[in-house]
Each structure stands twice: as C-alpha cells, then as structure tokens.
Amino acid sequence: MSIEKDMARQNRVQRALNKCPRCGKGPMVLDSESGELVCSNCGYVVKDKIEDTGPEWRSSSKDEGGKDESRAGLPTSIASHDMGLSTMIGTRNADSTGRPLSGGMRTTVDRLRTWDRRSQVHESADRNMSRAFVQLRTFSDKLSLNNEIIERAAYIYRKALERGLIRGRSITEMIAASLYAACRDSEIPRTLKDVSLVANIGRKDLARSYRLLIREMDIRMPVPDPAKSVAKIASKVEAGEKTRRRALEILARARENGVAAGKDPVGLAASALYVASTLVGEDKTQRDIAKAAGVTEVTIRNRYKNLRAALHI
C-alpha cells in the first residue's frame, strides 16, 4: 500500500511539473536559482513549492551484522547557530522499546530536557545567531530562495558578527541585509523592496544596513542583469511568451549598444517589457508594468524614450 501511495504522489508531482495552472499547457521549467516553476508556453511563474520526494537521510555504514539502516541527521550547515551538530532530548515519554516511562523517571527526564534546552545556547553570539537564522529561514521561504542562498547569507552574517558589525544594531535589519547581499552576489532577482516587505522593515533602513556590510566587509557585487527580472514582471502583468522573448531581445541589443550602462536593472527590464508589449500589440499600460516592477511611471517613460531612440525602434 505504501508503494502505491508513493507512486501516486510522484505522479501528482509529475503532472504539476508538466501542466501550467493558468493556460493548461506546458511543460513547466524549474528555475534552480529561484526555486520557481515557469511555464514555457505563457511565462506564468508558479510560486507554490513542489513537495520534496527525495530520499531520506540514512547512514551508509556497515558492521558485522550487515548494512546499518538507521536514519541519519541532516548534513552540517552554517545556517544553524551550532552548525547542526548539537543533540536534543525528544519529547516522547517512552524508552527505547516503546514502553511508557514510570512517574519518577518521567520527572527526571523532564529535568534533563530543561537543562539540555538551557545548555544549547549559552553565549551571546550563539543567542544572536539562533534568533537571526530563524528569521533567515522565514524570509527565505517567503522569497522562494534555495539553500545555497541561505548558506551564503548565513556566511555573510557570521563574518559581520565576527567583525562586531551587529553590536548595537537590529538583528532583523542585519540578517535581511545579509540575505539581500547574498541574492545580489548570486545574481538572484530580488529587490530591496521585496526583502524589506518580507522582513517588515523600512526600505531605507535595509539599504543602510546593506551599504554597511558592503563597505566594512569589502564585498564586490556583480552588475545585475536586467534580463533576469523580465520573467517576474511579465508574470505579474500576465504578458505572453512572445512579449517576454521580445523584451529579452531588446535588452540584449541595449546591452550591446551600451544603453543599459548605469541604469536601474529593474526599471530597464520594465521599460523593455513595455516596448515589447507595444510592438507585439498587447494592451499593457505603463501604470500596470510600473506597479508590477515596483518603479515609477516616470522611470518607464524615460527608459522607453532612451530605448526607442538608441535602438531605432
């Protein structure tokens, strides 16, 4: 029965991967960087995460009796304050054979649980990282970021903590700034506004903390690619696949002619999408695209004029 359930679950996942919930076609393309499913037909971005059906973590060691089939823990991670190496006394009041504990032994185990919990985080740095990394997981889930970005953000935060940059500053702001820096470093299209909204902090406060990290830690950020923001904006305004591809062609020409130098990548991507929509014939207004991209209509109009003049569109 369990084999049949696993096969049925795998079939559901496979159907979700091959069928778009909006146009009913496909196939769906999985973006390994952002963790999103994108329809190759209409460009719709599926924000829901697909259930992980991968194997369990098991020990592969062998002894005299044969293979050890015991389950093993997750690999070590710098996104945990203790690197994932600590132990924890479970909440199940039973012994190894499954029999319930006696009254006296239950009291002793409860006392051991209390001291075990208190001993887990005993230094200020551990308490700081424990709180910060819980928020990091929450922000990453809301932004649909993968474990690689989480590990990179945790590394930046640990280095900032070692240099004393966290002292006297908000933990939420600094971990959000570390996450934004990790996205910028990995060229993941997440804006200051996106991160500030999920972290529930001001955009200016996040930008200030981000500039502090860049300046004090001497981090060199790559130049953002406007093409990576096209799919996200196109999905919000429900633009067609033809419009999205035309926008990518316009951005490629703009990069070759030097028009994209020094311009905001999100604003440039939104303007290219607007130009493409007018050429293809889709009814997309500047207001709709500006709202989806998080920029002003003035930015769309200015970049629109520059693109048409430079590329002779």
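The values are calculated or read from the model by the stated rules, or taken from the named source; none is laboratory data. Predicted, not measured: the structure shown is a model, and the values here were computed from it. Methodologically, a virtual Cβ is constructed for each residue, glycine included, from the backbone with ideal geometry; neighbour enumeration extends over all protein chains shown. When the accessible area is computed, the model is the full protein with side chains, heavy atoms only, and any ligands, DNA or RNA have been set aside. Shrake-Rupley method; radii C 1.70, N 1.55, O 1.52, S 1.80 Å.
Using a cut-off of 13 Å between beta-carbons, work out the net charge of the residues near Arg244 (Lys and Arg +1, Asp and Glu -1, Arg244 not included). Please report the intermediate quantities before stating the final value.
Values: positive: Lys228, Lys232, Lys236, Lys242, Arg245, Arg246, Lys284; negative: Glu238, Glu241, Glu249, Glu282.
Combined, the nearby Lys, Arg, Asp and Glu give +3.
So how strong a dipole does the range 237-313 carry about its Cα centre when Lys and Arg Cβ are +1 and Asp and Glu Cβ are -1, to the nearest 20 debye? Provide the component values of the computation, followed by the final result.
Numbers: 14 positive and 9 negative charges, 40 e Å.
The calculated dipole for the range 237-313 is roughly 200 debye.
Just read off the accessible area of Thr107 with the full protein assembly in place, 1.4 Å probe, to the nearest 10 Å².
Roll a 1.4 Å probe over it and Thr107 shows about 80 Å².
Please list, in order along the range 143-155, the HN-Hα scalar couplings obtained from phi with the Karplus expression 6.51 cos²θ - 1.76 cosθ + 1.60 (θ = phi - 60°), rounded to whole Hz, x for Gly and Pro.
Karplus-based 3J(HN,Hα) across the range 143-155 equals 8, 6, 9, 8, 5, 4, 5, 4, 5, 5, 5, 5, 5 Hz.
For Leu197 and Lys159, what is the calculated FRET efficiency with R₀ set at 30 Å and r taken between the beta-carbons, to the nearest 0.05? Write down the numbers at each step before the final one.
Working: r = 26 Å, r/R0 = 0.86.
Taking R0 as 30 Å, the efficiency between Leu197 and Lys159 is 0.70.
With contacts defined as alpha carbon pairs under 8 Å and 6 or more residues apart, what's the relative contact order of the range 177-313 in percent? Can you show the working numbers first?
Values: 144 pairs, mean separation 29.0, N = 137.
Answer for the range 177-313 is 21 percent.
How do the peptides 201-208, 187-194 rank, highest first, by the average count of neighbouring beta carbon atoms within 10 Å per residue?
Working: 201-208: 14.9, 187-194: 18.5.
Ranked by mean Cβ neighbours within 10 Å, highest first: 187-194, 201-208.
Using the Karplus equation 6.51 cos²θ - 1.76 cosθ + 1.60 (θ = phi - 60°), what ³J(HN,Hα) coupling, rounded to whole Hz, does each residue of the range 194-199 give in order, writing x for Gly and Pro?
4, 5, 5, 5, 6, 8
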